[in-house]
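Below is one structure, written out as structure tokens; comments come after it.
The values are calculated or read from the model by the stated rules, or taken from the named source; none is laboratory data. None of these values were measured; they are calculated from a predicted model. Cβ placement follows ideal geometry from the backbone for every residue including glycine, while neighbour counts extend to all protein chains displayed. Please note that ligands, DNA and RNA were not included when accessible areas were found on the heavy atoms of the full protein model with its side chains. Shrake-Rupley method; radii C 1.70, N 1.55, O 1.52, S 1.80 Å.
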Amino acid sequence: LNENTQFKLSAARYSTTEDESSNLFSEYYYLFDPNNTASREFVKSASENVSNYLNLTSYEFIPEINFKENNHFIRAGVNIRLTDFKNKVDESFSEIGDSLLYDLPADRLINEKFKLNSYSVFVQDEFKLFENFYANTGIRANYYQYNNEFLVSPRVILNYIPSTKHSLTLSWGYY
């Protein structure tokens, strides 16, 4: 914009997908004589069928403005994160055998879709207080759409730099 003012725009996309399928069948036998596998008795059989799918896609946009005036460096911006989450679970478990030894059949079906969007705004000022003594103050406001939560996070950093090899930093923030 000019020599004291800059505008930045960052954008990102992230996506991940997981797909899991399995069909397992097992049989259980009781061996009367461990040395003779022919002397076995059927106990139960078990079946497990699984078909699960998960997809998460996220887009992030961060417009930011930086402004320099005298000994102040001010940054302000917005962070917009749009996230879609899809989760499908289809699982079934069953056993056949002596009724005292098997679990009841179980099916688990889940089909979820969530918007995990978040929005935040921030402003911070970095400035020199005295020789070798700097401060950074700022505030960030966040809104999370999924749980309708709004948070305000102030923060302060004091930094003393007595030499090029040493510094002392005191930070405080409410997150």
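Once you have the alpha carbon radius of gyration of region 25-65, what is it after dividing by 2.2 N^0.38 Å, with N set to its residue count?
Details: Rg = 26.1 Å, N = 41, 2.2 N^0.38 = 9.0 Å.
Normalised Rg, Cα atoms only: 2.90.
Run the quick spin-label model on TYR144 and GLU64: label points 7 Å from Cα toward the beta carbon, then report their separation in nm to one decimal.
2.3 nm
Going 7 Å from the Cα of TYR119 along its beta-carbon direction, which residues of region 22-63 have the amide nitrogen within less than 17 Å of the resulting point?
Taking a point 7 Å out along Cα→Cβ of TYR119, the residues of region 22-63 whose backbone N falls under 17 Å are 59-63.
Hey, any idea what Rg/Rh is for region 33-174, computing Rh the Kirkwood way over Cα pairs?
Numbers: Rg = 29.6 Å, Rh = 21.4 Å.
Looking at region 33-174, the ratio lands at 1.39.
What FRET efficiency would be calculated for the residue pair PHE7, HIS166, taking the C-beta separation as r and a Förster radius of 35 Å, to the nearest 0.05?
Values: r = 36 Å, r/R0 = 1.02.
The computed FRET efficiency comes out at 0.45.
Rounded to the nearest 0.05, what FRET efficiency do GLU41 and SER92 give with R0 = 35 Å and r taken as the Cβ-Cβ distance? Could you check? Before the final figure, lay out the partial values.
Working: r = 27 Å, r/R0 = 0.77.
Efficiency for this residue pair is about 0.85.
Averaged per residue, what accessible area in Å² does region 88-145 show with a 1.4 Å probe, protein chains only?
Working: 4040 Å² over 58 residues.
Dividing the accessible area of region 88-145 by its residue count gives 70 Å².
Do you know the relative contact order of region 1-65, to the nearest whole percent, from alpha carbon pairs under 8 angstrom that are 6+ apart? Walk me through the numbers before you get to the answer.
Numbers: 104 pairs, mean separation 31.8, N = 65.
Here the relative contact order equals 49 percent.
Starting from the Cα-Cα distance between LEU104 and GLU48, subtract it from 0.36 nm times their residue separation and give me the gain in nm to one decimal.
Details: separation 56, 0.36 × 56 = 20.16 nm, distance 1.26 nm.
Net length gain for the segment: 18.9 nm.
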